[in-house]
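The values are calculated or read from the model by the stated rules, or taken from the named source; none is laboratory data. Computed from a prediction, not measured in an experiment: that's the story for all the values here. Cβ placement follows ideal geometry from the backbone for every residue including glycine, while neighbour counts extend to all protein chains displayed.
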Amino acid sequence: MKKTIWAGVMLTALLTGLILSAPASAQNAVNDTANHPYWVEMMQDPSANFFETQKAFNTYWEGREITKGSGYKPFKRWEYMMQQRVSADGTRPAADRDIRAYNEYISRNSSRTSAGNWTPLGPFTVPSGYNGYRGLGRVNAIAFHPTDANTIYIGAPSGGFWQTHDGGQTWESYTDILPTLGVSAIAVDYANPDVIYMGTGDRDAGDAPGLGVWKSLNGGYSWEVSSNGMGNATVGRLLIHPGFNNIILAATSNGFYKSVDAGANWVKKANGNFKEVVFKPGNPDIVYAAVGGTFYRSTDNGETFTVISNGLSGGSRGVIGVSPADPEVVYFLVTNSDSYKGIYRSNDSGLSFTLRSTTPNIMAWDCNGGSGGQAWYDLDISVDPENPDIIHAGGVNIFKSTNGGTNWFITAHWYGGCGVQSVHADLHVLEYNPLNNRLYAGNDGGVYWTANGGQSWTEISNGLVISQAYKIGQSATNKNFVINGYQDNGTSTYTGTEWIAVGGGDGMECAFDPTDDRYSYSTVYYGSINRIFNHNSQGQIAGQGSNGITESGAWVTPFLIDHFDGNVMFIGYKNVWRSTNIKAG
């Protein structure tokens, strides 16, 4: 390939992704942000100032190595999304801002209708290629019909609530009209499966606002808000009492809530950012919950809680696993902000714990763990319902233990290395279907299941229109040609009849040549730009260390093609750069 010539234009690149300057008040960050990742807690706290959160993140990462799966990228995604929405002083928008504005508009324009003429274009199917690297979108929640094994429900962080009635061959959704499309928890009434509760918001990354619990009375075809007393919380987990289906427990971003009237009203029972709640099998009076790496135990069905510290030493985030095969056994998998701290086992229903292992680092991206991880973002655990010694857990990849957490080995890898099958990176939920004992996994690419303990995995993501698009580009000469960049699922081009994968990683800014639709361009983070010809990638033409460029740009780096000359491109890195022969080679 001929070397593409880039010329640096010495201008301050204010183009680089809506860079905002922090006000003076934002300089007072949390103490010791250089050594403790306070930014994790701050980004998930709606009241935390955006600029202070941004500064805490930058201070923590100054001088640190940014490794794969370190958690750096999920924050940068959140930062890019949030910086376009905050006020000048760094105040974040209220969770219900949009629905309040909508309701006010409708009240002033009563003759208007909310109906629209929109048709989904997809992507509907996972692009060709190894599926551990390409998928459709992130899944935060999985739930099951109480009597029909083929009816499964999933929740996406910005794609809504979806259901299948044929085991995942086809999917359908009826939540596109809701004021938030973030779903992180689902609970199905075992006595009347037409009644479904949905916990809104994005538990793991804050990509969608939380508006409490919503309820459906017709199997998910229509929804009404059901969060009186809870308010605009992000709901991370929901449980229905197995003996009294009007009693529901909710782990939320602003406390632990309980309803005794089927979700009509909620009462806060404990303060804190709860992300986990689990019943003791066979005894719902005993409830386990977690705030960060702190383990909570209740003996009165969530009315009151006691912090359990016997054998535990805290951490940044923890998840809880139990098995009906031995109700006395409880696992508490605890992480630091990034890596695996350890798994603890209780044999007395959570009164005391014993450390089982601290290695390997099952949060990391390598075959044997490695260093780093992003446990604050991707984490879950599930214990075999027939054997309390068999555990599946992970973060970037999925690991398994057959001796109660003492030893671990990998069962799914993000691109199919390590002698195991490829399963898309970044695990968010693991759930056993009690009707067929299949283990289901939700991750940044979609949904998978295994019926043989992780020896093989089947993907059932096709049909889920849940991709999170960074940018969209349309050809000026062929209206059917559209190119999209997706969070963690590459870049794809729509040809009018199908989607074709044209790039990997995080797909970002993208565009077609203004006069020749055979050429298009895609990017990944910090401004690495690829040229595409007839929907086939021809490789990188720009980015730090490429064709004379000596600097990188913003997380989403902007570029512009000359409207009259498709050979000319401008890119905003630290400076603005220009090429006059981007088609060379």
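For the stretch 400-448, the tally of residues that are under 23 Å from Ser323 (Cβ atoms), more than 20 Å from the chain's Cα centre (by Cα) and aliphatic (A, V, I, L, M) stands at 2.
Assessment of the stretch 206-223 against the conditions (touching a Lys or Arg at 6+ places or on another chain (Cβ under 8 Å) and among the basic types (Lys, Arg)) yields no matching residue. Right, Phe244: surrounded by fewer than 24 Cβ atoms within 10 Å (Cβ to Cβ), modelled with pLDDT of 95 or more, more than 19 Å from Asp45 (Cβ to Cβ) and over 26 Å from the mean Cα position of the chain (by Cα) or not? The answer is yes for Phe244.
Would you call Thr493 outside any strand (DSSP E or B) and either free of Cβ contacts under 8 Å to residues at least 60 places away in the same chain or assigned by TED's automatic domain parsing to the domain that holds Asn150 (or both)? When the stated conditions are applied, Thr493 does not pass them. Can you tell me which residue within the stretch 406-424, out of those that are among the aliphatic types (A, V, I, L, M) and either touching a Leu at 6+ places or on another chain (Cβ under 6 Å) or outside any loop (DSSP other than H, G, I, E, B) (or both), is surrounded by the most Cβ atoms within 10 Å (Cβ to Cβ)? The qualifying residue surrounded by the most Cβ atoms within 10 Å (Cβ to Cβ) is Ala412.
Listed conditions (1) under 15 Å from Asn218 (Cα atoms); (2) free of Cβ contacts under 8 Å to residues at least 60 places away in the same chain; (3) buried (at least 23 other Cβ atoms within 10 Å of the Cβ) are all met by Tyr174, apart from (3). Filtered by the rule that a residue be crowded, with 19+ Cβ neighbours inside 10 Å and in a loop (DSSP other than H, G, I, E, B), the stretch 267-280 gives a lone residue, Asn273.
Need a quick list: strands (runs of 3 or more DSSP E) entirely within the stretch 124-192 having at least 2 residues that are small (Gly, Ala, Ser).
Values: elements: 141-144, 152-156, 160-164, 183-188.
It comes to 141-144, 152-156, 183-188.
Comparison of Asn437, Asn387, Asn403, Asn361 shows that the only residue that is surrounded by fewer than 24 Cβ atoms within 10 Å (Cβ to Cβ) and free of Cβ contacts under 8 Å to residues at least 24 places away in the same chain is Asn403.
Checked against the criterion of being closer than 18 Å to Ile154 by Cβ, under 23 Å from the mean Cα position of the chain (by Cα), crowded, with 18+ Cβ neighbours inside 10 Å and small (Gly, Ala, Ser), the candidates Gly236, Gly206 yield just one match: Gly236.
Filtering the stretch 541-565 to residues that are in a strand (DSSP E or B) and either touching a residue at least 60 places away in the same chain (Cβ under 8 Å) or more than 23 Å from Asp516 (Cβ to Cβ) (or both) leaves Ile541, Ala542.
Checked across the stretch 471-484, the condition of being surrounded by 24 or more Cβ atoms within 10 Å (Cβ to Cβ) and at negative phi holds for at least one residue.
Whether any residue in the stretch 338-345 is acidic (Asp, Glu), outside any loop (DSSP other than H, G, I, E, B) and buried (at least 18 other Cβ atoms within 10 Å of the Cβ) is what I want to check.
Initial filter on the stretch 338-345 (acidic (Asp, Glu)): 338.
Filter once more, keeping what is outside any loop (DSSP other than H, G, I, E, B): none.
Checked the stretch 338-345: no residue is acidic (Asp, Glu), outside any loop (DSSP other than H, G, I, E, B) and buried (at least 18 other Cβ atoms within 10 Å of the Cβ).
Exactly one residue out of Ala264, Ala251 is assigned to a strand (DSSP E or B) and in the same structural domain as Ile186 (by TED's automatic domain parsing), and it is Ala251.
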